[in-house]
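The structure appears right after this line, and notes come after that.
The values are calculated or read from the model by the stated rules, or taken from the named source; none is laboratory data. Bear in mind the structure is a predicted one, so any value in this text is a computation, not a measurement. When we count neighbours, we look across all protein chains shown, and the Cβ atoms used for this are built from the backbone with ideal geometry, even at glycine. Just so you know, the surface numbers come from the protein's heavy atoms only, side chains and all, with ligands and any DNA or RNA stripped out. Shrake-Rupley method; radii C 1.70, N 1.55, O 1.52, S 1.80 Å.
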Amino acid sequence: MKSKTKYFSLFAMLGTLALILSGCANNGQSIYQAPTSGPYAWVFSLFGKPIQNIMLAVEHQIGGTNGAGWAIIIITFVVQLIVMPLRLASQRKMTTQQEKTQKLQPQMKLIQEALKKPGLTQPQQMQISQLQMRVYKENNMSMMGGMGCLPLLIQLPIMMGIYQAVAYSKELAASSFFGISLGQRSIILTVIATLLYIIQGYLSMVGIPEEQKKAMQMTLILSPAMTFFISISAPGALALYFLVGGFIAILQQLITTFIIMPKVKKDVAKELNDRPLKVVVTQETIDNILNTSSSSSTTTEDTKNLHQDLRARNAGKQKRPNNSDKD
C-alpha cells in the first residue's frame, strides 16, 4: 500500500506537468506570443521569462549554433546540483527505513497471515490491522517510508520554465544543438533520455532484497515511461533537460548504490545490535485477539439468545388463563 501511494503520487505530479505543458501548447496564443492572462501567464512571468533571459544571455555569451543547448545544460546542472543533496539525503533515509523494515518482516508476516484467515469479524480485522501501526510507532518508524517528493517539486517549475522559454522565443525556437532542433520534438533526445532512466532504474535494484525488488519493479517502468511521454510531447529543449538529468541521475544512483547503501547497512546493523527493534506482534498476540474476539462474540450471542428466551417465556405467561379469576 505504501509503495502504491508513492508511485501514484509520482505519476500524478508527472501527469500534472504533462497536462500543463499540453495546455501551454494549446492556450489559444499565436506562435511565439507569450500568454497574457490566466495561470499560464503567471507561470511564464515567474519561471518562463527569467529562464528565457538566462538562456538568451548564455547563448549570446557562448555564441555559435549550439549556444542555447549549452545554456540548457548549464541550467540543468545547476538545478540538479541544488537538488542532489536532497535526493541523497532522501535515499539515505529510505535505505535506512528499508533495512529496518526488513528486520520487521517476521512480525509483518504474522499480521498478513492473520488477515487472510477465513471468518474474521470486522472488529478482529480492525485490531489486527492496527497492530501494523503499533509495530512502526513503537520502533520510531514511519509507514510512509523515506522517499520524499521535494526534489521533483523543485524541478517542476524549471521544466515548465524551459518549455515556455523556448516556445515563446523565436530565437530559441529556431536554435539547435549539434543539428538537433530545440524548438521541435526530437525522437533522438527522447530515446536517449528514456534509456538513461531505464539504466538508472536497474542500478537502483542492485543490492536490494528480492522481496523489495518486487515492490519496486514499477519504478523500472514508471519513470522511463513518463520521461518518454513528456519528452515526446514537448520541444527538444525539454528532452535535452531530461537527457542531462538522466546522466546526473545515474551518477547519483552510483553514489547511492556503492557508497551510501553499504554505509547505511553497516550503521543500521550496529544500531540494531545496540538497540534491537521491539517485538510488538507474536503468534500469541494474534491468538489472543482471535480468541478474545471469538469469546466476546459467543458471549454476546448467548446473551442475545437468553434475552429472546426470557421474552418468549414472558409472552407465554401472559397468554396463559388465570385460574383464580375463574373460581
Measuring from its Cα centre, segment 35-274 shows a charge dipole (+1 at each Lys and Arg Cβ, -1 at each Asp and Glu Cβ) which, in debye to the nearest 20, is 580 debye
Short version: ³J(HN,Hα) in whole Hz for each residue of segment 39-46, in order, from phi by Karplus 6.51 cos²θ - 1.76 cosθ + 1.60 (θ = phi - 60°), x for Gly and Pro, what are they? x, 5, 5, 5, 4, 5, 5, 7
For Phe258 the rounded accessible area (nearest 10 Å², probe 1.4 Å, non-protein molecules ignored) is 130 Å²
Length gained if Glu210 through Ala174 is fully extended, taking 0.36 nm per residue and subtracting the Cα-Cα distance, is 8.1 nm
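Ranked from the most accessible area to the least, with a 1.4 Å probe and all protein chains present, what is the order of Ile73, Ile259? Can you show the working numbers first?
Numbers: Ile73 25, Ile259 110 Å².
Result, largest first: Ile259, Ile73.
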Which Cα, out of Val58, Leu182, Pro224, lies furthest along the positive dipole direction of segment 35-274 (beta carbon charges, K/R +1, D/E -1)? Pro224
